[in-house]
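The values are calculated or read from the model by the stated rules, or taken from the named source; none is laboratory data. Since the structure is predicted, the reported quantities are computational estimates derived from the model, not experimental observations. Cβ atoms come from the backbone with ideal geometry, glycine included; neighbour counts cover every protein chain shown.
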Amino acid sequence: MTVMLILIVISFTLAISFLAAFLWAVKNNQYEDTFTPSLRILMDNDKNNEENNDLRINQVN
Amino acid sequence: MHELLNDNNLDNYYKLARKSGIKPKSFDKSEFAFLDDKGIQEKLLQFSINGTSKITLFIPEIYCSACIWLLENLYRLDKGVLESTVNFLKKDISITYNEEQTSLRKIVELITSIGYKPHLNISDIEGKKTIGINKSIFLKVGVAGFAFGNVMLFAFPEYLSGGLLEPEFKKYFGYLSLLLGGALMYSASDFFKTAWTSLKLGYINIDLPISLGILALLIRSAIDILSGRGPGFIDSMAGLVFLLLVGRIFRQKTFYSLSFDRDYKSYFPLSVIRKRNDVEEFVSLNEIKPDDNLIIRNNEIVPTDSILESDSAMIDYSFVSGESKPVDVAKGQKIYAGGIHQGSSIEVKAVKAFFQSYITELWNHKAFAKNDDSYSSNISNTAAMWFTIGILLLASGSFLYWLPKNLNLAFNSFTSVLIIACPCAFALVLPYTYGTVLRVFSRNSFFLKNANIVESISKIDSIIFDKTGTLTDISKSSVEYLGKTLSEDETILIKSIAKHSTHPLSRLVFLFHKDKNNVEIRNFTETPGKGIEAEFEGVSVRMGKLGFVKNPLTNCSVLEDLNFETQQTESSVFLSINNVLMGYYIVRPSYRSNIKDTISELVRKYTITILSGDNDAEKENLNQITDGKTVIKFNQLPIDKLEHIEKLQADNKKVMMIGDGLNDAGAIRQSNVGIAVTNSDSSFTPGSDAIMQADNIEKIPAFIHLTNKSVQTVYISFAISILYNFIGLYFAVQGNLTPLISAIFMPVSSFSIMAFTVLKVRYDAKKLHI
């Protein structure tokens, strides 16, 4: 039965890591705007990826 | 359609990227010059550290996903922009930029030139308002949910094994639960805080019995677990805290693009053109001093009380005073702040500084100091007080009863009463009932500032309507032509002439004939404030005021035929063709459809008053609409409306004010429930308790009825939850409340109450067809 203790420890650690992930998400302002990201993902950036990259590099320089 | 828009916008973007210069919106080069001012910048910027600055701009034009795409690619158009993030619901954009490579002015000019003009108004520079989500409630729910789930995991083996669980495990599970119980204290901290504050202020609210219950749960569990007597009640406690917090989230629904706290400052722009030594410059409104000469262009707001320097002007005060018709102002006459100028640019001389003008005086009224605390729910506070006193008596009663026999049992029954009586179901009633009403209303474009306003609405007994813009529809005026019949050619001519004028009445005449053809008019003169005259192929036409249209030679016989009364001249456009007075167009405000039914339904239960800033020209029409059963007052200044409400309130009336303009702002604020009516989502609404889409006015009776029903629902649910409590107390006073009973009893009672309130409100709403 002591194997249950190990399981408990594992499940508890898992749960804590989920909680930590949630807390991080909230602190990272991910709940500030729950709508815009859903539109953002639909936007097509592939067409001019090259141009994109060029500009980004320029900006960094 | 969406795709098309998208493609179009992309096209725009490509051109822009190559700097080929598409400018969908033109603006004056110096319009944003004030943004170079360090003082203004400092107030607008969120932060500015080591040359990197961040600003959030409100852009009402954000309406499609292409907008987001374009605005988030700003860095390609301006190398100085480091990052731009759009929040679609709030319709704003946060821009981080490098001050060395670009400037605030350049950025604002850039986004204006691509068609997204930010709303910059005077309220932006008056202290930053942060309408963010309350993060801590999410954190607390997260922790509570985590504790709830895990405690259940530890508690189940105990319940399901029928007491056969190994003592070793019991011990570990107990300690872990206790640990989670400690974490739950963080989640529950808000309840303790509010309970303590209200106690200090000398009254009891619903959070007090909740706090007592939670404390009793924790202490009893700690003692049980540490002494090895039992598994404790941490599972019940976790469920309780979790459900209560979820209820808190449910009751608040944020409408991002709406603002309930606007005042006159959001109505004025940040800058105005000042003319000094023949040089025109944009200056911030705060810099206006008496005797400054200001240039006001078409559709701009006169920022402060001033004297007209140009020959004449048309000023629309509809938003400030409620007068629906633009007022003619002659040279040397006074123009009050807040009036919107219509027509070609005028020059005015400021009489007062911005913050001393007539319109700002209204806001100094004490009604605007009203505290938001007045929104707390009376029903729940009264109930909570009796409830708390009751359970404290009962708890100490059972303690004293058992004390002589068994100290242990006495302690058990004392804590058990506090635990079982912890008004979880009770506390969930209000959030879920009012929260559901809030959602039903918002589906009908009626947005409440917060859930407690549901209760305030149910209590009202008087309703006051503003006329212009509320009962009438400003966007629709009915035009009627009275006089000699016009030939087809004449109508075409009239339409073509009216087209050239910017005067609102000409616009209406133009729209009245909009189906007709057009002819090119070359010979055209407009005398501002008087009328227009034009000639076309030998026919001369004059339209406008009676005095302008008629001259000694004019044949005016038509007026006698029409039994013309002089008081009708205000909103009429007279017409003469070749020196013969043909007749006139009369413009009448158009009342919203069904307004008669709405008022006759309301008048049965409520005292209705109509306050109008207009003159009494509409008296007849209004009397007809209201069947003469309401009080109608005309020529009401903003302060008159406010005082009227104060007078009603002095008679212990609960007043609901429904209005639309700045002129109603004082009354809306003073009333028990102030509702601002708006024609579009983005348009300005004065500070209010609720915002309503104008075409939903006819649903007001249903809305009020639903709030009454919901209060009824609250009472029924209270009764049910008290019944639950009696069942629980039956176990508790005997001192044999076991963790298992508690763990079953608490969720069952809470969930059944939640389900009952939500379903009942939805059922009522369905019956009322809203």
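Listed values, structure above:
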| quantity | calculated |
| --- | --- |
| Spans of helices (runs of 4 or more DSSP H) in the range B:28-129 with at least 3 residues modelled with pLDDT under 85 and surrounded by fewer than 16 Cβ atoms within 10 Å (Cβ to Cβ) | B:38-44 |
| Residues being buried (at least 21 other Cβ atoms within 10 Å of the Cβ), under 26 Å from residue B:234 (Cα atoms) and polar (S, T, N, Q) - total across the range B:718-757 | 5 |
| Spans of helices (runs of 4 or more DSSP H) in the range B:371-460 with at least 2 residues touching a strand residue (DSSP E or B) at 6+ places or on another chain (Cβ under 9 Å) | B:424-443, B:453-459 |
| Some residue of the range B:177-200 being within 14 Å of chain A (Cβ to nearest Cβ), among the aromatic types (Phe, Trp, Tyr) and farther than 29 Å from residue B:753 by Cβ | no |
| Top-ranked residue of the range A:18-34 - restricted to ones that are aromatic (Phe, Trp, Tyr) and exposed (fewer than 15 other Cβ atoms within 10 Å of the Cβ), ranked as nearest to the other protein chains (Cβ to nearest Cβ) | A:18 |
| Sole exception among (1) within 17 Å of the chain's Cα centre (by Cα); (2) modelled with pLDDT of 85 or more; (3) facing chain B (nearest Cβ under 7 Å) for residue A:15, by number | (1) |
| Checklist (1) free of Cβ contacts under 8 Å to residues at least 40 places away in the same chain; (2) surrounded by fewer than 24 Cβ atoms within 10 Å (Cβ to Cβ); (3) under 24 Å from residue B:265 (Cα atoms); (4) not charged (D, E, K, R) applied to residue B:676, failing item | (2) |
| Selection within the range B:74-98 - more than 9 Å from chain A (Cβ to nearest Cβ) and more than 13 Å from residue A:36 (Cβ to Cβ) | B:74, B:77, B:78, B:80, B:81, B:83, B:95, B:96, B:97, B:98 |
| Those residues of the range A:18-59 which are touching a Leu at 6+ places or on another chain (Cβ under 9 Å) and at pLDDT 90 or above, in sequence order | A:22, A:23 |
| Count of the range B:212-231 residues which are more than 25 Å from residue B:387 (Cβ to Cβ) and buried (at least 16 other Cβ atoms within 10 Å of the Cβ) | 5 |
| Test result for residue B:166, within 10 Å of chain A (Cβ to nearest Cβ) and farther than 16 Å from residue A:15 by Cα | yes |
| Identity of the residue in the range B:458-487, among the charged types (D, E, K, R) and modelled with pLDDT of 85 or more, that ends up farthest from residue B:530 (Cα to Cα) | B:459 |
| Qualifying strands (runs of 3 or more DSSP E) (wholly inside the range B:626-698; at least 2 residues being in contact with a helix residue (DSSP H, G or I) (Cβ under 6 Å, 6 or more places away or on another chain)) | B:655-659, B:673-678 |
